[in-house]
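Single-structure report; data block below.
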Amino acid sequence: MDRFHISGPTPLVGRVCASGAKNAALPALAASLLTDEPVTLYRVPRVRDLRTMRRLLDYLGVGSEEREAAEPPESPKPPESPESRPETALVLQRARPSSSSDAPYELVKTMRASVLVLGPLLARFGFARVSLPGGCAIGVRPIDQHLKGLAALGADVRLAGGYVETRASRLAGARFRFDLPTVTGTENLLLAACLARGTTVLENCAREPEVADLARLLNAMGARISGAGGDTVVVDGVDGLGGAAHRVIPDRIEGGTYLIGAAITGGDVLLEQAVAADLAPLLDKLAEVGVEIEVSAAGIRARARGGDGSLRARDVATAPHPGFPTDLQAQYMALMTRATGTSTIRETVFENRFQHAPELARMGARVHVDGGSARVDGPTELTGAAVMATDLRASACLVLAGVAAAGTTVVDRIYHLDRGYEGMELKLQGLGAHVARMAESMAT
Ligand code: EPU
């Protein structure tokens, strides 16, 4: 298990570029199950969850390999920059007829997003058997809405032995209203409905940019989806889908993490290749807190003056997009420890997403958690400590706190971070931070 050793405090200064969005790339990979033709994806982040999804697809008969990008799609093209690596493409193609429509527990338990193969397998092969993902560090996270939606399209859905088994000779378009907006639930239904007979109308959909990105890929493959990214999505079913090339959107959560990094360290960071509209809830909040935000063609620049008194405590409540993202709540809490005043952070999306709070307290933060709310009293001088990452975003919170803290911070269990942040230590080093990855054998 790797650890990060961080010496601080250091202001983060410079330019950084977000990788492709993990949560857009995952459903994009699952979409390759819907066709025999190659699906070529650009800007797929090199993170562990994507490797897990590739393993699962391989098991299901879809091979994938990285190639030098031949002709990336014209738009939206990243600006040329001296540091930009030659672009690679991930090409996915069915290697053998589906011998298995079965996603086993061993693969699914390591990553909940594996459930995204349910919709496409069912739509394409008429049968899918996928292990129930179970709970996880941040909450119970049921998939009842995925199953209700598939049943509304005519699937027979059964639960047996920890697995969900779904069957339908061909799905039939229907009107379905989600009881609550769910990101992967909406994506699963889109993946299924594009091969259904007739028209599907999905209401109360998740409006996250990652949902809209999936619809763009599916439409490039020949699907007929309109309204994705809004509350109501209409899918006119087609008989088959072909291959396509698609560039995954930049990761707004990763990018937002570096902007918060600039704020918490009194730094100055330009986030290149960012979509400001997708980050609006964070940018508005940072501006309220006293961070100078500038959006230009070059990217999003966040500047903060160092020293106590320059940041104001501001409350936040997480909510589905376009609300404040739950995936930035932990990082925002780290920021609030350095702001003057008392802030209340309400987590409304997941029931158990404050596990970073006691770890922050080990670094000197004054955080009091009460159910779904946390009160942070600031400012506190953070001091380095040994802390433990418990989930992906909690890890990012602790790493940012470590860069802002005086002394040495050791963040253990960095494998959580590796699920979703590509080369975080390298990007932070590029911004001036003193962060080193220690493999277990090197760590004392
Ligand atoms: N929910 C249900 N029933 C369902 C589905 C969801 O009750 O059938 C509940 C969940 O328990 C939760 C709420 O609805 O309380 C929202 O969950 P959602 O389904 O939207 O989450 P998800 O699709 O499982 C995705 C991201 C998460 C991100 C959430 C919320 C992917 C692969 N994962 O999860 O990302 O936090 O949406 O935005 O897209 C992360 O990247 O760190 C991460 C956890």
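Computed values, structure above
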| read-out | value |
| --- | --- |
| Crossing angle, helix 392-404 versus the chain [Cα axis fit, 0-90 degrees, rounded to tens] | 20 degrees |
| Rg(Cα) / (2.2 N^0.38 Å) computed for the range 1-43, rounded to two decimals | 1.94 |
| The range 369-444-the range 165-201 distance, computed between alpha-carbon centres (Å) | 39 Å |
| Share antiparallel - DSSP beta bridges, the chain, percent rounded to 5 | 70 percent |
| Gyration tensor (alpha-carbon) shape descriptor, the range 391-432, a/c threshold 1.5 | oblate |
| With DNA, RNA and ligands ignored, accessible area of VAL115 (1.4 Å probe; Å², nearest 10) | 10 Å² |
| Angle in degrees between helix 48-59 and the longest Cα principal axis of the chain, rounded to the nearest 10 | 20 degrees |
| Mean separation of Cα contacts under 8 Å (6+ apart) over length of the range 200-269, as relative contact order % | 29 percent |
| Relative contact order of the range 177-230, pairs being alpha-carbon contacts under 8 Å that are 6 or more residues apart, as % | 41 percent |
| Whole-Hz couplings from phi, Karplus 6.51/-1.76/1.60, listed for the range 417-426; x for Gly and Pro | 5, 5, 5, x, 10, 7, x, 4, 5, 5 |
| Cα gyration tensor category, rounded, prolate or oblate, for the range 278-400 with a/c compared to 1.5 | oblate |
| Percent carbon-and-sulfur accessible area, the chain, ignoring ligands, DNA and RNA, probe 1.4 Å | 50 percent |
| Alpha-carbon centroid distance for the pair the range 110-158 / the range 256-292, whole angstrom | 35 Å |
| Cα gyration tensor shape for the chain, rounded if a/c is under 1.5, else prolate or oblate | prolate |
| Residue among ASP391, ASP179, ASP377 with the largest mean-square fluctuation in a Gaussian network model of the chain, springs linking Cα atoms under 10 Å | ASP179 |
| Per residue accessible area in Å² of the range 305-444, where ligands, DNA and RNA are left out and the probe is 1.4 Å | 38 Å² |
| Residue-averaged 222 nm ellipticity for the chain, from DSSP H runs of 4+ at -39500 (n - 2.57), nearest 500 | -8000 deg cm²/dmol |
| 5 Å binning of all Cα-Cα separations within the range 323-373, expressed as whole percents from 0 upward | 4, 20, 35, 27, 11, 2 |
| Contact order relative to length of the chain, as percent, for alpha carbon pairs under 8 angstrom and 6 or more apart | 22 percent |
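The values are calculated or read from the model by the stated rules, or taken from the named source; none is laboratory data. No experiment lies behind these values; they were computed from the predicted model shown. Heavy atoms of the whole protein, side chains included, go into the accessibility calculation; ligands, DNA and RNA do not. Shrake-Rupley method; radii C 1.70, N 1.55, O 1.52, S 1.80 Å.
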